[in-house]
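Notes follow once the structure below has been shown.
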Amino acid sequence: MYSKLFILFFLLFMYCKTFSCTCYLVTKEASIDGSCLITYAGDSHVRYGQIYFKPRATWAAGSMQTIYDRSSNKPLGQVALPSETFQVVGFMNEYQVSIGESTFGGRDELVDSTGIIDWGSLMFLALQRSKSAREAIKVIAELVDEYGYYSLGESYSIADPNEVWIMELIGKGIDYKIDKKSKQQYNANKGAVWIAIKVPEGYVSAHANQARITTFPKENGIKSISSKNLNKIFNKDIEVVYAYDVIDFARSKKYFEGKDEEFSFSDTYAPLTFGALRGCELRVWAFFNQINDDMQKYWEYATGNMSKPRMPLFVKSNRKISARNLMEFKGNYLQDTELDMSKDVGAGPHGLPYRWRPMRWKFDNREYFHERVTATQQTAFSWVAQMRNWLPDQIGGILWYGVDDANLSVHAPFYCSMTKIPFAYAEGNGDILKYSENSAFWTFNRVSQHAYLLYDRIIVDLRKKQNELRDKYESFVPAIDQGALLLHEKDPNQMIQFLTDFSCNTANSLVQEWKELGNFLLVKYLDGNIKKEKDGIFLRNQWDFPLDPVHPPYSEEWYKIIIDNTGEKFQTPTKKQ
């Protein structure tokens with residue numbers, strides 16, 4: 001039986017590994033060039049930054065696929081393979097369909113250890129089987145119904161070149177029964193309850209480890225359908241799709257007793273807490289605040305006041321958003337707010353906008369916490385999926401992919417039609433417990449670790465290089481698109497080779513340039529000094545001897561902290577003394 005002790009350990013294990021991702025969703029009319037855009041930050045202390053690659057394949061009847069839990073690598077069971085699966089580069093397939101996620105957890109008792117499909121496998125299974133965002137939603141719904149859902153509650157960003165959707169899903173727990181014929185025990189609650197909503201054009205959405213869908217229009221045959229009519233999801237007028245029993249199941253569990261029109265998915269299956277607001281919704285607020293001028297009214301809610309009105313699921317963007325904007329937004333640490341992570345004493349003498357774990361701690365029998373912001377050191381990888389409907393799929397889909405801390409990373413462009421992964425980003429080239437000097441992940445981590453020591457100094461040089469590379473890639477991509485279009489008309493195979501070569505060469509060059517940046521930073525900031533340099537060249541005197549380095553002082557604020565904590569301990573005696 002599913003013991004309380006097992007539930008406790010399962011939830012603690014899952015919490016440590018998955019409650020840590022931030023996703024943005026941007027529709028065509030909200031983007032600067034008409035792209036659909038979604039982002040994902042894979043924040044985990046055990047995840048490794050690499051690009052997964054699955055080529056297109058055909059399968060014989062009866063072929064099966066083993067499912068491994070993405071949080072532990074535990075084998076969960078097998079599912080039937082379709083006759084054909086599509087190519088997947090990272091989290092985007094050959095039809096530009098892209099999927100990101102964040103775990104919201106929800107009610108503990110709804111975990112189903114008998115399920116075969118976990119939160120991570122759902123993404124990759126859907127990508128390998130879907131030609132559109134709507135088809136991906138249908139695939140996810142059907143898979144959990146057939147095989148059962150193993151994990152905690154999950155939010156998904158699902159997009160293609162034309163539409164952006166947010167989907168939230170949670171299991172049904174376990175209700176053991178005995179099959180009369182086979183006498184075998186089974187879970188009568190197999191499956192999940194869920195809802196998917198299309199983000200309105202011109203709007204953006206976001207999720208960060210807290211369920212965000214509240215009330216929604218119930219089935220009316222025009223805009224909204226239940227899973228009993230799931231095949232109608234391909235009707236372009238449909239904007240809301242949900243599990244037929246999403247409300248009835250809540251009633252059966254005594255979670256909800258109101259009228260159907262009052263039902264809120266989030267309030268029912270993942271009730272708000274102070275931690276959900278301050279650690280999760282505040283990250284959503286930070287993104288919304290960067291593209292909408294009317295977010296201050298939700299500040300109290302986002303910082304923990306549950307009596308205040310909830311933030312909306314979608315907000316109208318007051319500016320057009322680019323893929324690069326989203327990369328920059330991933331570096332948010334509540335700048336320009338009273339909670340700016342670089343301003344309080346925890347930032348140390350160098351304004352470090354990070355706090356090492358644990359996030360919760362006690363002092364004098366009172367509980368405290370560190371802010372959980374978007375920029376975080378334990379990010380394994382982050383990406384921006386750019387999907388463009390005016391180009392052929394092979395050219396239109398770009399996964400801008402970066403490894404390590406998103407605030408300090410550079411996102412390289414990977415076209416969705418590329419046929420191989422550069423070695424620096426490939427699976428098997430090192431892992432989180434095995435260093436590889438040739439891996440992108442470890443290369444970026446080396447630089448980040450240095451930056452954490454002298455953040456306010458090193459970030460200046462790091463930003464300069466980061467923006468130089470971002471500028472270069474932004475200027476390259478339009479030219480690569482045009483070249484690929486010409487080849488698309490003449491020789492599609494040559495086009496794919498061209499895009500593969502560009503993606504791999506750019507990524508390999510980036511890793512090499514970041515290694516050189518790391519070497520430069522080591523020399524420049526050795527022992528806390530700052531070497532004198534001009535345009536990256538360290539300066540020497542006329543006899544080729546190094547110029548004396550600069551010894552920058554700490555800030556006035558930090559000197560005051562020292563004095564406040566030590567009094568006259570370090571005060572220089574006066575002559576009279």
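Assorted remarks:
- Residue in the stretch 523-540 that is touching a residue at least 40 places away in the same chain (Cβ under 8 Å), among the basic types (Lys, Arg) and in a helix (DSSP H, G or I) present: yes
- Residues in the stretch 251-274 that are assigned to a helix (DSSP H, G or I), within 27 Å of CYS21 (Cα to Cα) and in contact with an Asp or Glu (Cβ under 9 Å, 6 or more places away or on another chain): 3 in all.
- Taking the criterion of being among the hydroxyl-bearing types (Ser, Thr, Tyr) and surrounded by fewer than 22 Cβ atoms within 10 Å (Cβ to Cβ), the only residue of the stretch 122-146 that qualifies is SER132.
- No other residue among LEU352, LEU326 is in a helix (DSSP H, G or I) and either of a type in the set (D, E, K, R) or closer than 19 Å to SER409 by Cβ (or both) apart from LEU326.
- Residues in the stretch 275-292 that are more than 14 Å from CYS21 (Cβ to Cβ) and hydrophobic (A, V, I, L, M, F, W, C) were compared, and the one that is surrounded by the most Cβ atoms within 10 Å (Cβ to Cβ) is LEU282.
- The condition (being in a loop (DSSP other than H, G, I, E, B) and modelled with pLDDT of 95 or more) is satisfied by just one residue among ASN209, ASN220, ASN189: ASN209.
- Selection count, the stretch 421-460, where residues are in a loop (DSSP other than H, G, I, E, B), surrounded by fewer than 17 Cβ atoms within 10 Å (Cβ to Cβ) and not aromatic (Phe, Trp, Tyr): 7
- Within the stretch 146-186, being among the acidic types (Asp, Glu) and in a loop (DSSP other than H, G, I, E, B) holds for ASP160, GLU163, ASP175, ASP179.
- Across the stretch 547-554, a minimum of one residue is classified as out of contact with any Ser or Thr (no Cβ under 6 Å at 6 or more places or on another chain) and over 19 Å from HIS350 (Cα atoms).
- Of the numbered criteria (1) part of a loop (DSSP other than H, G, I, E, B); (2) without any contact (Cβ under 8 Å) to a residue 60 or more places away in the chain, the one GLN96 fails is (2).
- Complete set of residues in the stretch 461-498 that are surrounded by 18 or more Cβ atoms within 10 Å (Cβ to Cβ) and either polar (S, T, N, Q) or not in a helix (DSSP H, G or I) (or both): GLN466
- Out of LYS236, LYS198, one residue alone is surrounded by fewer than 16 Cβ atoms within 10 Å (Cβ to Cβ), closer than 29 Å to ALA385 by Cα and under 29 Å from the mean Cα position of the chain (by Cα). It is LYS236.
- Any hit, the stretch 20-36, residues being out of contact with any Ser or Thr (no Cβ under 9 Å at 6 or more places or on another chain), at pLDDT 95 or above and of a type in the set (Gly, Ala, Ser): yes
- Residues in the stretch 328-347 that are closer than 15 Å to GLN296 by Cα and either of a type in the set (S, T, N, Q) or within 20 Å of the chain's Cα centre (by Cα) (or both): LEU334, GLN335, THR337.
- Test: residue in the stretch 533-543 that is surrounded by 12 or more Cβ atoms within 10 Å (Cβ to Cβ), of a type in the set (A, V, I, L, M, F, W, C) and modelled with pLDDT under 95: no
- Residue match in the stretch 363-383 (condition: basic (Lys, Arg), free of Cβ contacts under 8 Å to residues at least 60 places away in the same chain and either crowded, with 18+ Cβ neighbours inside 10 Å or assigned to a strand (DSSP E or B) (or both)): yes
- Selection status of SER151, more than 26 Å from MET64 (Cβ to Cβ), within 19 Å of the chain's Cα centre (by Cα) and not basic (Lys, Arg): no
- Only residues that are over 18 Å from TYR455 (Cβ atoms) and assigned to a loop (DSSP other than H, G, I, E, B) were counted across the stretch 552-577, and they come to 11.
- Residue list for the stretch 23-37, filter: in contact with an Asp or Glu (Cβ under 9 Å, 6 or more places away or on another chain), under 15 Å from ASN292 (Cα atoms) and either surrounded by 24 or more Cβ atoms within 10 Å (Cβ to Cβ) or among the small types (Gly, Ala, Ser) (or both): THR27, ALA30
- Flag for TRP390 being touching a residue at least 60 places away in the same chain (Cβ under 8 Å), in a loop (DSSP other than H, G, I, E, B) and not aliphatic (A, V, I, L, M): yes
- Condition met for THR268 (at pLDDT 95 or above, of a type in the set (Val, Ile, Thr) and surrounded by fewer than 19 Cβ atoms within 10 Å (Cβ to Cβ)): no
Matching residues to (1) at pLDDT 95 or above; (2) over 21 Å from the mean Cα position of the chain (by Cα); (3) not aromatic (Phe, Trp, Tyr):
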site: ILE395; (1), (2), (3): yes, yes, yes
site: LEU399; (1), (2), (3): yes, no, yes
site: ASP405; (1), (2), (3): yes, no, yes
site: PHE414; (1), (2), (3): yes, no, no
site: THR419; (1), (2), (3): yes, yes, yes
site: PHE423; (1), (2), (3): yes, yes, no
site: ASN429; (1), (2), (3): yes, yes, yes
site: ILE432; (1), (2), (3): yes, no, yes
site: GLU437; (1), (2), (3): yes, yes, yes
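- Among the residues of the stretch 325-345, those that are surrounded by fewer than 18 Cβ atoms within 10 Å (Cβ to Cβ) and either modelled with pLDDT under 95 or among the charged types (D, E, K, R) (or both) comprise GLU328, ASP336, GLU338, ASP340, LYS343, ASP344, VAL345.
The values are calculated or read from the model by the stated rules, or taken from the named source; none is laboratory data. Note that the coordinates shown come from a computational prediction; the quantities given were computed from them, not determined experimentally. Because the Cβ atoms are built from the backbone with ideal geometry, glycine has one as well, and the counts that use them run over all protein chains shown.
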